[in-house]
1. Output the residues belonging to region 23-57 that are small (Gly, Ala, Ser) and either touching a helix residue (DSSP H, G or I) at 6+ places or on another chain (Cβ under 6 Å) or surrounded by 10 or more Cβ atoms within 10 Å (Cβ to Cβ) (or both).
2. Just checking, how many residues over region 48-58 are over 17 Å from Val38 (Cβ atoms) and modelled with pLDDT under 85?
3. Given the condition assigned to a loop (DSSP other than H, G, I, E, B) and small (Gly, Ala, Ser), answer yes or no: does some residue in region 16-31 qualify?
Amino acid sequence: MSPEDSGIEFWASESSESFLKLLESEYARALHDRAHWVVEELGAVDDARLRERMREISSHWAEEFEVMQHESGNDI
């Protein structure tokens, strides 16, 4: 890495190939798709509505976890 008049210039090292493969992985593509969905669904939402939406989504999580624990036999 070096500062240049046009900005910061980066160079690839020996470990760059592994990093670039990660960016091209199925996981990275799926993550990109999910991030795109979040931006499309919530990008223009104000903070109050976003908090409300998160409460709507997460309000039933505890119940779902209890069902999963019960079904797996791991009652806590």
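1. Ser25, Ala28, Ala30, Ala35, listed by residue number.
2. Taking region 48-58 first, the residues over 17 Å from Val38 (Cβ atoms) are 48.
Next cut, modelled with pLDDT under 85 only: none.
So the count comes out to 0.
3. Residues of region 16-31 that are assigned to a loop (DSSP other than H, G, I, E, B), as a first pass: 24-25.
Filter once more, so that each one left must be small (Gly, Ala, Ser): 25.
Yes, region 16-31 contains at least one residue that is assigned to a loop (DSSP other than H, G, I, E, B) and small (Gly, Ala, Ser).
The values are calculated or read from the model by the stated rules, or taken from the named source; none is laboratory data. As the structure is a prediction and not an experimental result, all values here were calculated from the model. Ideal geometry is used to build each Cβ from the backbone, glycine not excepted, and the neighbour counts take in all protein chains shown.
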